[in-house]
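Comments concern the structure below.
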Amino acid sequence: METLELTGIVKRFGEVTVLDGLSVSIPLTGLTFIVGKSGSGKSVLCRLAVGLLKPDAGEVSLLGRRVDVMPERQLSALRAKVPYLVQGPALLDWLTLEANVALAAKGLPDDGRIERAIERMGLAALRDRYPPQVGPGIRKRAAIARALVLEPVCLLLDEPTTGLDQVAANQVNEALEAVRDAGLGAMVVSHDYAALQRLADRVVEVRQGVIGYQGQKAGFLEGPK
Ligand SMILES: Nc1ncnc2c1ncn2[C@@H]1O[C@H](COP(=O)(O)OP(=O)(O)OP(=O)(O)O)[C@@H](O)[C@H]1O
Ligand SMILES: [Mg+2]
């Protein structure tokens, strides 16, 4: 089952209930945009999805496996299938972009996967640059390339364009299209409605601890705000 299933999820921090019985089933194919106000719980949802947080109630299943009760050792294998790219810097500044990508391939078959990831993210001409020598859009592409080396099913990206200028944001959005063209899925937490309008196959909205909307983007864009 190529889905992320959250069922009856309750997540509290102290007195604050962030998710309050949230249920959603997200296909891991195509591009899913996850939206919602700041503080609505989008990043919490991402961390629950890959077992970095445990729910107070409810069940989390990813690719048909119960994440919320899975031992850590099995979780790391599952996380390679759905890599989670957090916001902010992720590369080692003292390694070239290629070396950063290659790091992720340690212990994996030497079957051209590094080269494929570099090509796919349009980094062939930039491979010998160091992260500080390129812009934030290219750095994010290198981070995505590093995830692609794992040969994932679907990427989970938390606000990959937030804080980037338009040029850098476009570089990341093109990378998302390349991910989709490669037949991989992506779940993208985003405030970028222009990108959503252009790229999303479906939209999931987190609102007041539950799902406010899930479905085609057309319905989301037309619906009441
Ligand atoms: N580890 C934590 N400890 C305490 N509170 C937390 C923790 N993680 C998240 N929260 C709280 O949970 C709520 C949801 O946070 P979350 O980061 O998921 O929001 P978000 O939708 O990702 O917002 P943004 O769009 O600003 O990134 C916030 O009120 C936040 O303060
Ligand atoms: Mg967040």
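Within the stretch 30-39, if we keep just the residues that are more than 12 Å from ligand 1 (Cβ to nearest atom) and in contact with a helix residue (DSSP H, G or I) (Cβ under 9 Å, 6 or more places away or on another chain), the residue that is farthest from VAL189 (Cα to Cα) turns out to be GLY30.
The number of residues in the stretch 117-141 that are basic (Lys, Arg) and part of a loop (DSSP other than H, G, I, E, B) comes to 2. So for the stretch 150-157 (the condition being within 30 Å of SER40 (Cβ to Cβ), within 16 Å of ligand 1 (Cβ to nearest atom) and either surrounded by 15 or more Cβ atoms within 10 Å (Cβ to Cβ) or not hydrophobic (A, V, I, L, M, F, W, C) (or both)), does at least one residue qualify? So far as the stretch 150-157 goes, yes, one or more of its residues are within 30 Å of SER40 (Cβ to Cβ), within 16 Å of ligand 1 (Cβ to nearest atom) and either surrounded by 15 or more Cβ atoms within 10 Å (Cβ to Cβ) or not hydrophobic (A, V, I, L, M, F, W, C) (or both).
Of all residues in the stretch 156-196, those being in contact with a strand residue (DSSP E or B) (Cβ under 6 Å, 6 or more places away or on another chain) and among the charged types (D, E, K, R) number 3. Going by the conditions given, is GLU5 more than 16 Å from ligand 2 (Cβ to nearest atom), modelled with pLDDT of 95 or more, acidic (Asp, Glu) and closer than 24 Å to GLU174 by Cβ? Judged against the criteria, GLU5 is not a match.
Restricting GLY163, GLY137, GLY183 to those that are within 17 Å of the chain's Cα centre (by Cα) and within 16 Å of ligand 2 (Cβ to nearest atom) reduces the list to GLY163. Filtering the stretch 13-25 to residues that are on the phi > 0 side of the Ramachandran plot and assigned to a loop (DSSP other than H, G, I, E, B) leaves only GLY14. Within the stretch 14-29, the residues that satisfy the criterion of being within 15 Å of ligand 1 (Cβ to nearest atom) and over 17 Å from VAL206 (Cα atoms) are GLY14, GLU15. Those helices (runs of 4 or more DSSP H) of the stretch 26-115 in which 1 or more residues are away from ligand 2 (no atom under 16 Å from the Cβ) occupy 72-81, 97-103. When the stretch 40-63 is limited to residues that are small (Gly, Ala, Ser) and within 8 Å of ligand 1 (Cβ to nearest atom), the one that is nearest to the chain's Cα centre (by Cα) turns out to be SER43.
The values are calculated or read from the model by the stated rules, or taken from the named source; none is laboratory data. Just so you know, these numbers come straight off a predicted model, no measurement behind them. Don't worry about glycine lacking a Cβ; one is built from the backbone with ideal geometry, like all the others, and counts go over all protein chains shown.
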